Each structure stands twice: as C-alpha cells, then as structure tokens.
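The values are calculated or read from the model by the stated rules, or taken from the named source; none is laboratory data. The structure presented is a predicted model; accordingly, all values stated were derived computationally and were not measured. Every residue, glycine as well, gets a Cβ built from its backbone with ideal geometry; the counts of neighbours run over all protein chains shown. The protein model used for the area step is the full one, side chains on, heavy atoms only, and it has no ligands, DNA or RNA in it. Shrake-Rupley method; radii C 1.70, N 1.55, O 1.52, S 1.80 Å.
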Amino acid sequence: MINEIVRALKSRPLPLNDEKELQAEISKLLESRGIPHKREVGLGDGDVIDFMLPDGIGMEIKIKAPKRQIYRQCKRYCGHAQLRTLVLVSATAMGLPVQIDGKDCYYVSLGAGWL
C-alpha cells in the first residue's frame, strides 16, 4: 500500500500555498484511488496526525517548516503505538531516516508532482 500512496502523491501537482487546502486535495486524491483514510486523528498526548490509513500508516503534511521541527514532530509521532509506518509529505527539502524508533518512514517531496 505504501508504494500506491507514494505514486498517488507524486502523480500530479498539489497546491503548495495553504496546508489545509493541500490536505483537502490529498484527501480527494486518496479517495479517487480508493485508499481509505481518516483526517486529523489524535494519537494521544495532544499529538494529531494529518491522516491515518489502513495498517497503521500515518501521513503528516508539512508545506514549510524548519527541518529540525519537522523531524522532532515525526519522532514524537513514531512514539505512538498505533502508528506503524510514517509518510512525511513536505515541500521542505530534507532527508528522513528509513526508520524512527523502529517505525518505517517515507519522505515524499511535494515538488515531485510538479516535474
């Protein structure tokens, strides 16, 4: 399922000006591909991830933010038991470890859909 999600996110340009608009477009894209998901899911301790998908896949969307801030948020999310895999979708160019706290991690650049 991860490969299908990544392909879908890279398949077309997505809006880069407003994070809520971007989330709405990603939701529509996932729906059009038949990928079930829930938006704004509480993980606990005040952490709310942008999307939860089947098999414990969580997706966090970041248009612009400092790299360290994004990483700290990803690490915090990976500390929650219900999250088994994290997909970071961002316009911030950065690296992401393949695992954080034993959870598989994937990075999708929002620029890929514009190429």
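Observations
- Selection from region 1-18 of residues that are in a helix (DSSP H, G or I), out of contact with any helix residue (DSSP H, G or I) (no Cβ under 8 Å at 6 or more places or on another chain), open to solvent by 60 Å² or more (accessible area, probe 1.4 Å) and touching a residue at least 12 places away in the same chain (Cβ under 8 Å): Glu4
- Selection within region 35-63 - in a loop (DSSP other than H, G, I, E, B) and open to solvent by less than 60 Å² (accessible area, probe 1.4 Å): Ile35, His37, Ile63
- In region 64-115, of all residues being assigned to a loop (DSSP other than H, G, I, E, B) and of a type in the set (S, T, N, Q), the one that is surrounded by the most Cβ atoms within 10 Å (Cβ to Cβ) corresponds to Thr92.
- Check on Glu31, more than 25 Å from Arg76 (Cα to Cα) and loosely packed, with under 12 Cβ neighbours inside 10 Å: yes
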